[in-house]
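The values are calculated or read from the model by the stated rules, or taken from the named source; none is laboratory data. Treat the numbers as computed from the prediction; the structure is a model and nothing was measured. No Cβ is skipped: glycine too gets one built from the backbone with ideal geometry, and neighbour counts run over all protein chains shown.
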(Lines give C-alpha, C1' and ligand atoms only; values in the text may rest on other atoms or scores of the structure.)
Protein backbone atom coordinates (compact mmCIF):
# COMPACT_ATOMS: atom_id res chain seq x y z
CA UNK A 1 0.00 0.00 0.00
CA UNK A 2 2.90 2.29 0.75
CA UNK A 3 4.36 1.75 -2.74
CA UNK A 4 0.98 2.46 -4.30
CA UNK A 5 0.67 5.71 -2.35
CA UNK A 6 4.14 6.83 -3.42
CA UNK A 7 3.24 6.20 -7.07
CA UNK A 8 -0.07 8.03 -6.87
CA UNK A 9 0.80 11.00 -4.67
CA UNK A 10 1.19 14.21 -6.62
CA UNK A 11 3.13 17.13 -5.27
CA UNK A 12 3.59 20.72 -6.36
CA UNK A 13 6.70 21.93 -8.14
CA UNK A 14 9.52 22.33 -5.65
CA UNK A 15 8.09 19.76 -3.25
CA UNK A 16 9.89 16.49 -2.67
CA UNK A 17 8.33 13.61 -0.72
CA UNK A 18 10.85 11.72 1.38
CA UNK A 19 8.71 9.42 3.50
CA UNK A 20 5.17 8.08 3.61
CA UNK A 21 3.92 6.02 6.52
CA UNK A 22 0.54 4.57 7.25
CA UNK A 23 -0.83 4.55 10.77
CA UNK A 24 -3.03 1.95 12.32
CA UNK A 25 -6.72 1.66 11.46
CA UNK A 26 -8.45 4.70 12.92
CA UNK A 27 -12.02 3.55 12.47
CA UNK A 28 -14.18 1.18 10.53
CA UNK A 29 -16.59 2.96 8.21
CA UNK A 30 -18.75 -0.05 7.50
CA UNK A 31 -18.43 -3.53 6.10
CA UNK A 32 -16.13 -2.69 3.18
CA UNK A 33 -14.53 0.56 4.26
CA UNK A 34 -12.08 1.82 6.85
CA UNK A 35 -9.99 4.91 7.58
CA UNK A 36 -6.26 5.16 8.30
CA UNK A 37 -3.88 8.06 8.93
CA UNK A 38 -1.23 8.77 6.31
CA UNK A 39 1.87 10.66 7.45
CA UNK A 40 3.87 12.41 4.70
CA UNK A 41 7.22 14.10 5.22
CA UNK A 42 9.54 15.82 2.82
CA UNK A 43 10.75 19.22 1.66
CA UNK A 44 9.07 22.20 -0.02
CA UNK A 45 11.66 24.46 -1.67
CA UNK A 46 14.27 23.12 0.76
CA UNK A 47 12.15 23.62 3.89
CA UNK A 48 11.22 20.52 5.88
CA UNK A 49 7.46 19.83 5.85
CA UNK A 50 5.23 17.22 7.47
CA UNK A 51 1.54 16.51 6.91
CA UNK A 52 -0.98 14.08 8.31
CA UNK A 53 -4.11 13.12 6.32
CA UNK A 54 -6.97 10.65 6.84
CA UNK A 55 -7.34 8.14 4.01
CA UNK A 56 -10.47 6.13 3.34
CA UNK A 57 -9.81 2.60 2.09
CA UNK A 58 -12.58 0.74 0.31
CA UNK A 59 -12.22 -3.03 0.14
CA UNK A 60 -13.36 -4.49 -3.14
CA UNK A 61 -13.89 -8.22 -3.29
CA UNK A 62 -13.23 -9.73 -6.70
CA UNK A 63 -12.58 -13.15 -8.16
CA UNK A 64 -9.62 -13.72 -10.45
CA UNK A 65 -10.22 -15.04 -13.97
CA UNK A 66 -8.75 -18.41 -13.07
CA UNK A 67 -11.16 -18.89 -10.17
CA UNK A 68 -14.10 -17.75 -12.31
CA UNK A 69 -13.29 -20.50 -14.78
CA UNK A 70 -12.99 -23.07 -12.00
CA UNK A 71 -16.47 -22.38 -10.70
CA UNK A 72 -18.16 -22.59 -14.09
CA UNK A 73 -18.59 -24.99 -17.02
CA UNK A 74 -15.96 -23.09 -19.05
CA UNK A 75 -13.58 -25.22 -21.08
CA UNK A 76 -11.17 -24.84 -23.98
CA UNK A 77 -10.22 -28.49 -24.45
CA UNK A 78 -11.47 -32.02 -23.95
CA UNK A 79 -9.31 -35.01 -23.10
CA UNK A 80 -10.98 -38.22 -24.22
CA UNK A 81 -9.72 -41.44 -22.62
CA UNK A 82 -10.57 -44.57 -24.62
CA UNK A 83 -11.16 -47.26 -23.40
CA UNK A 84 -11.93 -46.70 -19.71
CA UNK A 85 -8.78 -46.71 -17.64
CA UNK A 86 -8.84 -45.61 -14.00
CA UNK A 87 -5.03 -45.35 -13.81
CA UNK A 88 -4.84 -42.90 -16.73
CA UNK A 89 -7.80 -40.94 -15.38
CA UNK A 90 -6.10 -40.62 -11.97
CA UNK A 91 -2.78 -39.70 -13.64
CA UNK A 92 -4.39 -36.83 -15.58
CA UNK A 93 -6.36 -35.58 -12.58
CA UNK A 94 -3.20 -35.51 -10.44
CA UNK A 95 -1.25 -33.71 -13.17
CA UNK A 96 -4.00 -31.10 -13.62
CA UNK A 97 -4.07 -30.51 -9.87
CA UNK A 98 -0.27 -30.12 -9.77
CA UNK A 99 -0.40 -27.65 -12.67
CA UNK A 100 -2.32 -25.12 -10.58
CA UNK A 101 -3.37 -23.01 -13.59
CA UNK A 102 -5.70 -25.53 -15.19
CA UNK A 103 -8.86 -27.12 -13.88
CA UNK A 104 -11.20 -29.91 -14.88
CA UNK A 105 -14.53 -28.14 -15.25
CA UNK A 106 -16.51 -31.28 -16.07
CA UNK A 107 -15.91 -35.01 -16.03
CA UNK A 108 -18.16 -37.35 -18.00
CA UNK A 109 -18.16 -41.11 -17.92
CA UNK A 110 -19.06 -42.41 -21.36
CA UNK A 111 -19.88 -45.93 -22.50
CA UNK A 112 -16.36 -46.49 -23.82
CA UNK A 113 -14.27 -44.11 -21.69
CA UNK A 114 -14.04 -40.71 -20.03
CA UNK A 115 -14.26 -37.10 -21.24
CA UNK A 116 -12.50 -34.43 -19.19
CA UNK A 117 -13.31 -30.79 -19.98
CA UNK A 118 -10.17 -28.74 -19.33
CA UNK A 119 -9.99 -24.95 -18.85
CA UNK A 120 -6.80 -24.48 -20.92
CA UNK A 121 -5.96 -25.85 -24.34
CA UNK A 122 -2.30 -24.87 -23.78
CA UNK A 123 -2.16 -27.43 -20.98
CA UNK A 124 -2.42 -30.22 -23.57
CA UNK A 125 1.14 -29.45 -24.74
CA UNK A 126 2.50 -30.31 -21.30
CA UNK A 127 0.40 -33.43 -20.61
CA UNK A 128 0.76 -35.04 -24.06
CA UNK A 129 4.41 -36.17 -23.73
CA UNK A 130 3.78 -37.40 -20.18
CA UNK A 131 0.87 -39.58 -21.32
CA UNK A 132 2.84 -40.98 -24.26
CA UNK A 133 5.81 -41.82 -22.02
CA UNK A 134 3.85 -43.27 -19.09
CA UNK A 135 1.11 -45.17 -20.95
CA UNK A 136 2.50 -45.64 -24.48
CA UNK A 137 -0.86 -44.55 -25.85
CA UNK A 138 -1.83 -43.40 -29.30
CA UNK A 139 -2.98 -39.78 -29.36
CA UNK A 140 -4.87 -37.66 -31.82
CA UNK A 141 -5.57 -33.93 -31.60
CA UNK A 142 -8.42 -32.21 -33.42
CA UNK A 143 -9.80 -28.69 -33.31
CA UNK A 144 -13.40 -27.57 -33.70
CA UNK A 145 -14.42 -24.02 -34.51
CA UNK A 146 -16.32 -22.75 -31.48
CA UNK A 147 -16.93 -19.12 -32.43
CA UNK A 148 -15.30 -15.77 -33.05
CA UNK A 149 -13.88 -13.17 -30.70
CA UNK A 150 -12.65 -9.79 -31.93
CA UNK A 151 -12.69 -11.13 -35.50
CA UNK A 152 -10.51 -14.15 -34.69
CA UNK A 153 -11.63 -17.76 -34.87
CA UNK A 154 -11.85 -19.51 -31.48
CA UNK A 155 -11.25 -23.25 -31.43
CA UNK A 156 -11.91 -25.94 -28.86
CA UNK A 157 -9.32 -28.68 -28.96
CA UNK A 158 -9.93 -32.39 -28.36
CA UNK A 159 -7.15 -34.77 -27.37
CA UNK A 160 -8.04 -38.41 -27.90
CA UNK A 161 -5.92 -40.81 -25.86
CA UNK A 162 -6.39 -44.33 -27.13
CA UNK A 163 -4.84 -47.06 -25.01
CA UNK A 164 -3.90 -50.37 -26.52
CA UNK A 165 -6.22 -53.07 -25.25
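Pull out all pairs, ordered by first then second residue, where Cβ-Cβ is under 6 Å, the residues are six or more apart or on different chains, the first lies in region 42-58 and is on the phi > 0 side of the Ramachandran plot, and the second is outside any strand (DSSP E or B) and surrounded by fewer than 10 Cβ atoms within 10 Å (Cβ to Cβ).
From residues that are on the phi > 0 side of the Ramachandran plot, there are no pairs.
Out of everything in region 127-165 that is without any contact (Cβ under 8 Å) to a residue 12 or more places away in the chain and in a strand (DSSP E or B), what residue ends up being surrounded by the most Cβ atoms within 10 Å (Cβ to Cβ)?
146
Residues in region 58-80: is at least one over 30 Å from residue 130 (Cα atoms), in a strand (DSSP E or B) and in contact with a helix residue (DSSP H, G or I) (Cβ under 8 Å, 6 or more places away or on another chain)?
No, region 58-80 contains no residue that is over 30 Å from residue 130 (Cα atoms), in a strand (DSSP E or B) and in contact with a helix residue (DSSP H, G or I) (Cβ under 8 Å, 6 or more places away or on another chain).
With the condition kept exactly as written, say whether any residue in region 113-121 is at pLDDT below 95 and surrounded by fewer than 12 Cβ atoms within 10 Å (Cβ to Cβ).
Within region 113-121 (the criterion being at pLDDT below 95 and surrounded by fewer than 12 Cβ atoms within 10 Å (Cβ to Cβ)), the answer is no, since none of the residues qualifies.
Just the residues that are in contact (Cβ under 8 Å) with a residue 24 or more places away in the chain, under 18 Å from residue 131 (Cβ atoms) and within 21 Å of the chain's Cα centre (by Cα), please, taken from region 81-102.
Answer for region 81-102, where residues must be in contact (Cβ under 8 Å) with a residue 24 or more places away in the chain, under 18 Å from residue 131 (Cβ atoms) and within 21 Å of the chain's Cα centre (by Cα): 92, 95, 96, 99.
If you go through region 143-165, how many residues are under 26 Å from the mean Cα position of the chain (by Cα) and under 18 Å from residue 120 (Cα atoms)?
Residues meeting the conditions: 15.
Out of all the residues in region 6-41, which are touching a strand residue (DSSP E or B) at 6+ places or on another chain (Cβ under 9 Å) and either assigned to a loop (DSSP other than H, G, I, E, B) or touching a residue at least 60 places away in the same chain (Cβ under 8 Å) (or both)?
9, 11, 12, 14, 29, 32
Can you tell me how many residues within region 8-32 are exposed (fewer than 10 other Cβ atoms within 10 Å of the Cβ) and over 17 Å from residue 56 (Cα atoms)?
Residues meeting the conditions: 3.
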